[in-house]
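To start, the structure under review is shown below, and the notes come after it.
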């Protein structure tokens with residue numbers, strides 16, 4: 001029997017696409033549980049790595065790394081150019097599509113890497129640091145390495161091959177953590193992060209190609225410029241959306257680093273990193289499964305509608321309490337974990353609390369729009385969030401890091417709501433059904449968030465108790481918070497509670 005890749009790629013017109021439609025629900029539940037389970041592991045690794053590096057590096061060094069890698073991260077988007085989404089959504093000529101996407105993204109990656117190196121003097125001048133320019137030039141090669149992972153990753157996603165989450169992501173997380181911590185502990189400073197990034201990307205590349213079982217030209221696939229143009233029409237709105245977000249990241253980094261200072265940029269970087277943990281939970285445990293699922297169900301309106309509502313309810317019920325807890329105890333929590341010198345990152349984290357719920361809404365809205373093949377609708381989200389995000393950034397900049405964080409939170413929530421409204425008619429969902437899923441969790445979370453916030457700031461003061469006692473207090477507050485939220489959800493939103501309980505049981509089975 002052939003490998004999964006061979007069974008999928010064999011005939012360019014008729015292929016086995018993974019599990020049958022009849023078994024799709026079970027596959028999605030298992031996949032979401034696997035993704036969530038592995039996410040718990042990788043995020044624990046990331047958290048420990050962040051805590052250790054915060055003790056080894058200064059906020060300024062972290063700021064240098066953030067500034068030095070922002071261009072390579074931005075241009076990585078152009079190398080991918082939305083082609084992975086086109087490959088996942090594609091239903092014909094898969095051999096030719098995979099080969100076309102491979103060569104298109106590789107050539108683009110080489111070109112953007114060369115541009116990154118050539119831009120070194122400009123980066124140094126923008127941030128007023130030769131070190132930042134050197135880091136930018138040294139990071140150019142990661143664009144090419146990432147380009148080589150796109151096709152293997154997309155092929156595993158489209159056939160619901162969850163080894164990408166079970167094996168590849170943990171390997172990448174462990175490689176970066178071990179390499180960067182070891183090097184920084186031995187005096188490499190910010191360059192330990194640069195070398196760690198290379199090592200983790202190489203590990204990603206090796207693991208992805210090993211598991212995907214695909215090679216360029218497999219099954220007789222041939223690259224085609226005409227096919228690339230066809231794929232580009234589907235991908236263009238996705239590219240515009242992603243490029244806008246990357247451009248905003250670049251702008252935010254430049255504004256914070258230029259208008260404020262390197263230390264503020266370090267706070268920004270770590271605040272965003274900690275704030276991205278719930279965001280990554282949505283992307284890894286939700287979007288990775290939702291896009292191929294919605295693509296498969298697009299021709300079955302009733303099942304598409306049911307999947308839309310269940311995904312919305314699940315992700316919203318998970319992200320709203322996370323945001324509430326961050327608002328309540330985010331600043332002292334970061335201070336306990338990272339030390340007093342990082343209190344500014346805690347302030348940033350609290351201001352970023354709205355990103356997680358916004359991403360949850362976007363995960364459902366945008367992935368369903370993509371799955372239905374209506375990517376042009378995303379242009380409205382792109383235009384609206386771009387104008388609003390930049391306007392809020394400069395309008396709230398006088399508030400410092402808090403203003404920057406609030407701008408990100410508000411624009412994320414606004415983009416999430418708009419994407420959900422655009423997807424609503426595609427899924428055949430009423431406004432009442434949306435409200436029934438969204439309102440109860442918000443009302444339920446208010447009481448535990450206020451109670452825990454008052455307890456922490458008026459009584460417990462965990463950030464003044466030392467690391468061990470402070471962490472113990474935080475854990476107790478977190479468990480109490482979750483208990484009250486769960487009780488409220490079970491009482492006022494029993495359907496949501498049943499879905500959430502089922503998801504937790506699925507994750508437990510992974511372990």
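Derivation of every value follows stated rules applied to the coordinates shown; laboratory data play no part. No experiment lies behind these values; they were computed from the predicted model shown. Ideal geometry is used to build each Cβ from the backbone, glycine not excepted, and the neighbour counts take in all protein chains shown.
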Query raised in the report: Computed from these coordinates, which is Cα extents along the principal axes in Å: (i) 75, 55, 39; (ii) 66, 59, 43; (iii) 92, 53, 47?
Result: (ii)
Query raised in the report: How many nm is it between the label spots at residue 247 and residue 501, if each spot is 7 Å from the Cα in line with the beta carbon?
Result: 4.9
Query - Estimated distance in nm for a label pair at residue 186 and residue 115, the labels positioned 7 Å out from Cα along Cα-to-Cβ - result: 3.7
Report task. Divide by every residue of the chain the summed helix terms, -39500 (n - 2.57) for each DSSP H run of at least 4, and state the resulting mean residue ellipticity at 222 nm, rounded to the nearest 500 deg cm²/dmol. Result -> -27000 deg cm²/dmol
Query raised in the report: If you line up the Cα atoms of segment 343-437 on their principal axes, what length do they span on each, largest first, in Å?
Result: 45, 26, 20
Query raised in the report: Can you give the FRET efficiency for residue 44 and residue 210, using 1/(1 + (r/R0)^6), R0 = 30 Å, r = Cβ-Cβ distance, to the nearest 0.05?
Result: 0.75
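Average projected area of the Cα convex hull of segment 96-221, in nm²?
Working: hull surface 33.9 nm².
Directional mean of the projected Cα hull area for segment 96-221 stands at 8.5 nm².
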Query raised in the report: Along the principal axes of its C-alpha atoms, what lengths does segment 180-271 span, in descending order and rounded to whole Å?
Result: 52, 33, 18
Query raised in the report: How long, wide and thick is segment 241-511, going by the Cα atoms along their three principal axes, in whole angstroms, largest first?
Result: 56, 44, 33
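Rank by packing, highest mean first: peptides 390-397, 124-131, with packing defined as the count of other Cβ atoms within 10 Å averaged across residues. Walk me through the intermediate numbers first.
Details: 390-397: 16.0, 124-131: 17.5.
Top of the packing list down: 124-131, 390-397.
Extension gain residue 383-residue 225, at 0.36 nm per residue separation less the Cα-Cα distance, in nm? Intermediate values should be presented prior to the final figure.
Details: separation 158, 0.36 × 158 = 56.88 nm, distance 2.90 nm.
Result: 54.0 nm gained on full extension.
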Query - Nearest-0.05 FRET efficiency for residue 254 and residue 202, computed from C-beta distance (R0 22 Å) - result: 0.15
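Normalised by the residues of segment 241-511, what does the relative contact order come to in percent, with Cα pairs under 8 Å and at least six apart? Provide the component values of the computation, followed by the final result.
Values: 340 pairs, mean separation 65.9, N = 271.
Here the relative contact order equals 24 percent.
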Report summary line: Here the residues of segment 368-387 lying in the modelled label zone of residue 303, meaning backbone nitrogen under 17 Å from a point 7 Å along Cα-to-Cβ, are 368, 371-373
Report summary line: proj_area_mean for segment 113-171 (convex hull on C-alpha atoms), units nm², value 5.2
Query raised in the report: So, in Å, what gap is there between the alpha-carbon centers of segment 307-352 and segment 76-142?
Result: 31
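Could you order peptides 66-75, 188-197, 459-468 by the average number of other Cβ atoms within 10 Å of their residues, highest first?
Details: 66-75: 24.7, 188-197: 20.7, 459-468: 14.8.
Per-residue Cβ counts within 10 Å, averaged per peptide and sorted highest first, yield 66-75, 188-197, 459-468.
Which of the peptides 341-352, 444-455 is most tightly packed, and how do the rest follow, judged by the mean count of other Cβ atoms within 10 Å per residue? Working shown, then result.
Numbers: 341-352: 23.5, 444-455: 18.5.
Going from most to least packed, we get 341-352, 444-455.
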